[in-house]
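Q: Let me give you the structure first, and then I'll get to my questions.
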Amino acid sequence: MANLYGKAKNPSAAMKVIETILMEDSTLVQKEKKKTLDRLTALGIPQLPGKAALHFRAAQFAEEAQDWPSAVHHLKAATDLKEGKSNRYRYSYARALRKLGEPRKLAEAEKVLTEVASSKEDDFWKKLSVETLERLKTVKP
């Protein structure tokens, strides 16, 4: 079924499949591991990832559907987890916050971008955060 969602380019339905997986009790996941793995594989996720990765993928589907509140929800959940502290996840969270356009969310996005821009990890996402912050400075009155 999840394979049909992916092939039909229905990101909202694919996101709902991942949300169902996230809600399942861990013992249920163990009992139904094959079923869960089959659903994930159909969504292009080849192995059982951690919760942060599942939230990130759900956020990607939400972004495809331009469902920014859901994207923010899933990216916040991902970045709250230990394995979700990467610059990529945090930059994506800031980007989704900016898409909401609300003043408080814009301020939170700028704070997250500043944190990523000053992180010890020197990667693409850090550089993109620095560029985004520079661009924001030129736009502000």
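Q: If I ask for residues that are in a helix (DSSP H, G or I) and touching a Gly at 6+ places or on another chain (Cβ under 9 Å), which ones from segment 67-81 would you list?
A: Trp68, Leu75, Ala77, Ala78
Q: Would segment 99-111 turn up any residue that is among the hydrophobic types (A, V, I, L, M, F, W, C) and not in a helix (DSSP H, G or I)?
A: Scanning segment 99-111 turns up no residue that is among the hydrophobic types (A, V, I, L, M, F, W, C) and not in a helix (DSSP H, G or I).
Q: Still on this structure, I have one more. If a residue must be within 8 Å of the chain's Cα centre (by Cα) and either crowded, with 19+ Cβ neighbours inside 10 Å or more than 11 Å from His55 (Cα to Cα) (or both), how many such residues does segment 67-76 contain?
A: Here the count works out to 4.
Q: Six or more apart or on different chains, Cβ under 7 Å: which pairs go from a residue in segment 1-24 that's outside any loop (DSSP other than H, G, I, E, B) to one that's among the basic types (Lys, Arg) and modelled with pLDDT under 80? Could you list them?
A: Listed pairs, sorted by first residue: Ala2/Arg39; Val17/Arg39; Ile21/Arg39.
Q: Step by step: first the residues of segment 107-139, then only those that are among the acidic types (Asp, Glu) and under 18 Å from Lys85 (Cβ atoms), then the one that is surrounded by the fewest Cβ atoms within 10 Å (Cβ to Cβ). Which residue is that?
A: Top of the filtered list is Asp122.
Q: Please state which one of Lys51, Lys7 is at pLDDT 80 or above and farther than 17 Å from Asp67 by Cα.
A: Lys51
Q: Of the residues Lys120, Lys85, which single one is closer than 27 Å to Ala14 by Cβ and out of contact with any Pro (no Cβ under 6 Å at 6 or more places or on another chain)?
A: It is Lys85.
Yes/no matrix, rows are residues, columns are (1) within 20 Å of Lys16 (Cα to Cα); (2) in contact with a Lys or Arg (Cβ under 9 Å, 6 or more places away or on another chain):
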residue	(1), (2)
Glu64	yes, yes
His74	yes, yes
Ala78	yes, yes
Lys85	no, no
Ser92	yes, no
Leu97	no, yes
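Q: I'd like to check something: does segment 17-27 contain any residue that is on the phi < 0 side of the Ramachandran plot and either at pLDDT 90 or above or among the basic types (Lys, Arg) (or both)?
A: As a first pass, look at segment 17-27 and keep what is on the phi < 0 side of the Ramachandran plot: 17-27.
Narrowing the set further to residues that are either at pLDDT 90 or above or among the basic types (Lys, Arg) (or both) leaves none.
Checked segment 17-27: no residue is on the phi < 0 side of the Ramachandran plot and either at pLDDT 90 or above or among the basic types (Lys, Arg) (or both).
The values are calculated or read from the model by the stated rules, or taken from the named source; none is laboratory data. Because the structure is predicted, anything quoted here is derived from the model rather than measured. Methodologically, a virtual Cβ is constructed for each residue, glycine included, from the backbone with ideal geometry; neighbour enumeration extends over all protein chains shown.
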